[in-house]
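Since the structure comes first, as structure tokens, the remarks are kept for the end.
The values are calculated or read from the model by the stated rules, or taken from the named source; none is laboratory data. On a predicted model such as this, the values are computed, not experimentally measured, just so you know. Positions of Cβ are backbone-derived with ideal geometry, glycine not excepted, and every protein chain shown enters the neighbour counts. Side chains included, ligands, DNA and RNA excluded: accessible areas come from the protein's heavy atoms. Shrake-Rupley method; radii C 1.70, N 1.55, O 1.52, S 1.80 Å.
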Amino acid sequence: MGVHAVIDFETTGLSPALGARPTEVAIVFIAEGKIVDRFQSLMNPGVSIPNDIQALTGITNEMVRKAPKVEVVILDAVQFVGTHPIVAHNAAFDSKFWDAELRRINGRRKQEFACSVLLARRIFPDAPNHKLGTLVRRLGLPATGRYHRALADAEATAYFLLHIQQELQRRFHLSTVSHELLVAIQTANRSQLDACIRRYRSIER
């Protein structure tokens, strides 16, 4: 099924359009049913972290003061990801920060994000909600550490993505689950999951 790069950001706020910057990034590679590599770094956002965000993430202004600048870390992260497809839990959030920081270094994303929240809504519609912690507990996935820290959340999302791949293979008798299929599923109506899989099979043939 190839390599997927699962990414998670912690930030100073909700939107780069409002001046928020990343404070931590983690990227976890999965391939052949397991985690195969990791990248993680704190970074100095150049702006103060609000008290409520410090309480949520545990990342303080003191922790990031001596960390590398965002631009330095993003360059390393881009090299690490390369051309691998990207996945995030609530990709609408993480992709905004990835794209905004890429623009700062005159870069541009080529890959399309897959969103494990959207996938969860379509594949596990009966879950009480589709928060990462809820899904981890409901599906009995490995505990990875404190939520709202980038590496713990990226690893938890990686384990969830592996579960999604296995569930799709089991439920629909698929030999492999490509990134293209994940993107197609996340844009399909919940009631059209079977039809989406049939279309994918016809294309693959």
Condition first: in contact with a Phe, Trp or Tyr (Cβ under 7 Å, 6 or more places away or on another chain), charged (D, E, K, R) and either open to solvent by 60 Å² or more (accessible area, probe 1.4 Å) or free of Cβ contacts under 8 Å to residues at least 40 places away in the same chain (or both). Now tell me which residues in the stretch 92-142 satisfy that.
Arg109
Among the residues of the stretch 1-17, the number that are outside any loop (DSSP other than H, G, I, E, B) and either acidic (Asp, Glu) or modelled with pLDDT under 95 (or both) is 2
Being out of contact with any Leu (no Cβ under 9 Å at 6 or more places or on another chain), open to solvent by 30 Å² or more (accessible area, probe 1.4 Å) and farther than 27 Å from Glu167 by Cα narrows it down to one of Pro16, Pro45, so name that one.
Pro16
Tally time: how many residues in the stretch 19-42 are open to solvent by 20 Å² or more (accessible area, probe 1.4 Å) and under 23 Å from Lys69 (Cβ atoms)?
7
Identity of the residue in the stretch 143-160, touching a helix residue (DSSP H, G or I) at 6+ places or on another chain (Cβ under 6 Å) and either modelled with pLDDT of 95 or more or part of a helix (DSSP H, G or I) (or both), that ends up surrounded by the most Cβ atoms within 10 Å (Cβ to Cβ):
Thr157
Name the helices (runs of 4 or more DSSP H) wholly inside the stretch 50-90 in which the number of residues that are surrounded by 14 or more Cβ atoms within 10 Å (Cβ to Cβ) and touching a residue at least 60 places away in the same chain (Cβ under 8 Å) is 1 or more.
51-57, 70-81
